[in-house]
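Data first, discussion second: the structure below is written as structure tokens.
Please treat every number below as a calculation from the coordinates, not as lab data. In this text, all values refer to a predicted model and were calculated from it rather than measured experimentally. Positions of Cβ are backbone-derived with ideal geometry, glycine not excepted, and every protein chain shown enters the neighbour counts.
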Amino acid sequence: MDDLWTMVHAERAALVEDLRGVDAARWETPSPCAGWSVHDVVAHLVDSARTTRLGFAAAMVRARFDFDRLNDQGVARERRATPGETLERLAAVVRRTSSPPAPRDTRLVEEVVHGEDVRRPLGIAHTYPTEAVVRALRLQVRTPASFGGAKERVAPLRLRATDADVVIGDGPEVRGTALALLLTVSGRPVHPGELAGPGLADLAEDG
């Protein structure tokens, strides 16, 4: 799994560098995560990087087994008074290799999807490694919605990446870059024209 952690660490470091110099006021820009600002998402990434298997279990008990409450408590715990302070906390966890009790590729989902939750509202472009995006996409489409995935949502469709050798499923086709497919199956908005195909209407209805 060394290649996984190499990609995760690289994406964390790239986000830190992208955020250096971003005006503090812009950190309050709303993100695609309902109720969270860009600052909140960065705090969540700190919390996610610091989470261990044992720590996750204890935190779930404290959150009374409510996953949304768990995440909100993590944001509150890791968000600092200023964006600069929160960013330094992210920089401090760049090379961590801890993980909650979940498939390891969830670490790629976190870094890519939440990386875009931060970058897109701020107008920051970033190129992700194709392998990281494809692995995250494959995990999301085989993970049930109850665990944050899109298995049921994409079951009737065929997803085709236009920039990678990826075809998933059998049905009306939705095509676009692997990143656009990953974002939309993760419940994130994409720009007009990023996706196409006869299955797009069905995907939009389920979103």
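Quick check on the range 91-112: of everything there that is assigned to a helix (DSSP H, G or I) and not small (Gly, Ala, Ser), which residue is surrounded by the most Cβ atoms within 10 Å (Cβ to Cβ)?
For the range 91-112, the residue satisfying everything is ARG107.
Taking interchain pairs and intrachain pairs at least six residues apart, which have beta carbon atoms under 6 angstrom, with the first residue in the range 42-66 and closer than 23 Å to GLU28 by Cβ and the second basic (Lys, Arg) and outside any helix (DSSP H, G or I)?
Matching pairs, first to second residue: ALA43/ARG79; ALA49/ARG96.
For the range 42-55, which positions are part of a helix (DSSP H, G or I) and within 18 Å of the chain's Cα centre (by Cα)?
Within the range 42-55, VAL42, ALA43, HIS44, LEU45, VAL46, ASP47, SER48, ALA49, ARG50 qualify.
I'd like the full set of residues that are closer than 19 Å to PRO103 by Cβ and surrounded by fewer than 15 Cβ atoms within 10 Å (Cβ to Cβ), limited to the range 47-90.
THR52, ARG53, LEU54, GLY55, ALA57, PHE67
Restricting to the range 109-159, name every residue that is of a type in the set (Val, Ile, Thr) and closer than 23 Å to LEU200 by Cβ.
Result: VAL109, VAL112, VAL113, THR130, VAL133, VAL134, VAL141, THR143, VAL154.
Consider the range 25-46. How many of its residues are surrounded by fewer than 21 Cβ atoms within 10 Å (Cβ to Cβ) and over 15 Å from ALA81 (Cα atoms)?
Number of matching residues: 7.
Which of the residues spanning the range 25-41 are in contact (Cβ under 8 Å) with a residue 12 or more places away in the chain, assigned to a loop (DSSP other than H, G, I, E, B) and within 18 Å of SER186 (Cα to Cα)?
SER31, PRO32, CYS33, TRP36
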